[in-house]
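Structure first, then comments.
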Amino acid sequence: MKMPNLNEAHKRSNICVSFEEFNFDNNLKNIGNGKSYFVKTYGCQMNEHDSENICAMLEEMGFKKAEDYEVADLVILNTCAIRENAHNKAFGMLGRLGHIKESKNIIIGICGCMAQEESVVEEIMNKYKYVDLIFGTHNLHRLPELLNNVISNNKKEIEVLSIEGNIVENIPVKRESKYKAWVNIMYGCDKFCTYCIVPYTRGKQRSRMPKSIIYEVEKLVKDGYQEVTLLGQNVNAYGRDLKMDYDMANLLEDVAKTGINRLRFVTSHPWDFNDRMIEVIGKYDNIMPYIHLPLQSGSDKILKLMGRRYTKESYLELVDKIKTKIPNCALTTDIIVGFPGETEEDFNETIDVVNKCKYDSAFTFIYSPRIGTPAAKMKDDVPLSEKESRLYKLNDLINKYSKENNDSYLGKIVKVLIEGYSEKNNGTLMGYTDTMKLVNVQGDEKNIGKIVDVKIDEVKTWSLDGSIIK
Ligand code: SAH
Ligand code: SF4
Ligand code: F3S
C-alpha cells in the first residue's frame, strides 16, 4: 500500500525527470474478457485525456465499454480536487456505487486528483471500505497490474505516489473523437497559486520532449484528425524544465508545420505569455485565434495574495497586444470571486477588467478553500451571500459581452468543424468555429468530420445558428 502525502508533493528539487515507455504485460490481455467497464470523468481536459488512456488500457485487458455505470462490472471514477463541489460529486457517486455493490459484485476504482489527497484516501479507507482500487495521477500506467492484483488476489490495492515526477510515453489511447485530439505537452505545475491544489495533485512541471509531441501530432494528421489541443496546466512555461533553449513559441511553430488543420492550446498563464508566442499565433493560419487567459482577479491586492505574479495593468497590456497582433482573436478567461480579503472595491477592479477585455466567455467560480494550500490558512472572510451576489453580477456582465461578441457574427460566413449531431438531435448538426464558438448547423450529415463554410443566420448568448453554404 502506498499512500499520498501533500507535504512530499509540495517538494521541488532539481531532480531529473525520468522518461519511461509504457509496457503492456501480455499475460494481462484476457483478464477482463466477458466483463464491462465504465469510466466517469470529473474535472479538466487533462483528466478527460487521462480517461482516454484508462479506457484504452482496460480494452487491451479485454474489458468492453458499458452503456452506463449501473450495468458495468468495473467502475472507475477519475476525480477532480479543484473545488469542494468536485469532491462532493465524486463522494455522492461513490455512495451510489456502494448501493449497487450490496447486490452485485462490482469492482470500484478511484483515481485522479482526489486520490492524491491524503485526507480523501483516509476518508475512503474509513467510510467507503468497499472501494477496491485507488491509484494516483503519477502511476496511471500501472492500472493493468494493479487491477490484476485486485481481480486475481481478491484484495484491495492502494498505490498513490507523491513523487516529483516521471513521464510515461506511449500509454495506449482510445480517443473520444475521430476529429479532435488532446495532446499532452507537459504535466504538473510549479506556479503554486495560493488557492490551487493542482501543483500538489499533479506534481512538478515536466515537459514532454518536442520530438515525441511532434511525432504524435504527425500521426494524428495522417489518421485524419482535424484539430489538436495542446494540453498543460501552464503551457506557456513549456520547455523551461528541459534546459534545451526550446520554448512554447518554438513548439507551437513546429506543431503548426505538421499541417494539422487546427491547433490550439490550454491553459495559458499571463505571466509566461511572451511576444514570440503572440507572433507565432498571428503568423500561422492553422493556429486558432482563440486564447484562454485566466484573470482570476482584477485587483492587484488580491492577485498578490493569490501569488499570480502579474498586475491588472500588465494583464491589460498583454490583452491589448494579443488583440492588436492577432486579428479577431477570441478571448476567454477564468475568474474567482470571494477570495479571502476581497472587498467590494477589489471586486469592482475585476468588473473593470471584464469591461475592458469584453471576454467571449468565462468560467466563473466562488473561491473554495483547499486543504494544504496557503490560501486555506487565510481567513475566508467574505460571507457566502456576498460571494453569490458577486458571482451573479459577474455572470450577467460576462453574458452581456458573450452576446455582444456573438452579434458580430450575424450574417458572416465562418469555418466550422462539424462534429456530429447537436444534442437536440432533430437533424441539426453542431460544431465549433476556430474561435471556439458553438454553432448549430443545418446541412448534410456527410459533412461530419469536415471543416465547412457556414453562414450565421441567428445569434444567441451561448451559441450561433447557421447553415452550410458549400
Ligand atoms: N492551470 C490553469 C487553471 C487550472 S484550474 C491556470 O492556471 O489558469 C481551473 C480554474 O479553476 C482556475 O483558473 C481557477 O479559476 C479555478 N480554481 C482553482 N482553484 C480554485 C479554488 N480553490 N477555488 C475556486 N476556484 C478555483
Ligand atoms: Fe493552479 Fe496556478 Fe498552476 Fe494554474 S498556474 S494549475 S491556477 S497553481
Ligand atoms: Fe481537477 Fe486535477 Fe484537473 S484538480 S481541474 S482534474 S488537474
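The values are calculated or read from the model by the stated rules, or taken from the named source; none is laboratory data. Only a predicted model underlies this, so the values are computations on that prediction, with no experimental measurement involved. Glycine also receives a Cβ, built like all others from the backbone with ideal geometry; neighbour counts cover every protein chain displayed. Areas reflect the complete protein model, heavy atoms only, side chains present, ligands, DNA and RNA absent. Shrake-Rupley method; radii C 1.70, N 1.55, O 1.52, S 1.80 Å.
List of remarks:
- At R0 = 35 Å, FRET efficiency that the Cβ-Cβ distance of ASN348 and LYS323 yields, to 0.05: 0.95
- Calculated diffusion of segment 271-315, Stokes-Einstein form, Kirkwood radius summed over Cα pairs, 10 °C and 1.306 mPa s, µm²/s: 131 µm²/s
- DSSP-loop trypsin sites (Lys or Arg not before Pro) across segment 208-303, with at most 10 other Cβ within 10 angstrom: LYS243
- What a 1.4 Å probe finds exposed on the chain is 49% carbon and sulfur by accessible area, rounded to a whole percent.
- Annotation note: trypsin sites (Lys or Arg not before Pro) in segment 44-133 located in DSSP loop regions with a Cβ neighbour count of at most 14 within 10 Å are LYS104, LYS129.
- Sequence-separation-based contact order of segment 6-159, relative, with Cα cut under 8 Å and 6+ spacing, percent: 21 percent
- Cα→Cβ-extended label distance, 7 Å offset, between SER152 and LYS178, nm: 3.7 nm
- Antiparallel bridges, percent of DSSP beta bridges restricted to the chain (to nearest 5): 30 percent
- The longest stretch of the chain left intact once loop-based GluC sites (Glu not before Pro) with at most 14 other Cβ atoms within 10 Å are removed from consideration, loops following DSSP, is 177-422.
- Centroid-to-centroid separation of segment 226-267 and segment 413-469 [C-alpha atoms, Å]: 27 Å
- Separation of alpha-carbon centers, segment 333-401 and segment 73-100, rounded to whole Å: 27 Å
- Along segment 437-442 the Karplus relation, 6.51 cos²θ - 1.76 cosθ + 1.60 evaluated at θ = phi - 60°, assigns HN-Hα couplings of 8, 6, 10, 8, 10, 8 Hz to successive residues, with x for each Gly and Pro.
- Here the relative contact order of the chain, from alpha carbon pairs under 8 Å that lie six or more residues apart, stands at 11 percent.
- Summarising the strand pairing of segment 413-468, around 85 percent of its internal DSSP beta bridges are antiparallel.
- Accessible area of segment 413-468 divided out per residue, in Å², using a probe of 1.4 angstrom: 48 Å²
- Assuming charge only on the beta carbon of Lys and Arg (+1) and of Asp and Glu (-1), the dipole of segment 413-468 about its Cα centre is about 80 debye to the nearest 20.
- Legend: Rg and Dmax of segment 6-159, from Cα coordinates, 15.3, 51 Å.
- Segment 159-275 - percent relative contact order, Cα under 8 Å, separation 6 or more: 27 percent
- Normalised Debye scattering of the chain at q = 0.10 Å⁻¹ gives log10 I(q)/I(0) of -0.81, counting only Cα atoms as equal scatterers and leaving out solvent.
- Equivalent ellipsoid semi-axes - Cα gyration tensor, segment 368-470, angstrom: 39, 17, 11
- Considering only beta bridges that DSSP places wholly inside segment 331-470, some 65 percent are antiparallel.
- Cross-link pairs LYS101/LYS437; LYS393/LYS450; LYS191/LYS387; LYS64/LYS129 - those with Cα-Cα distance over 32 Å: LYS101/LYS437; LYS393/LYS450
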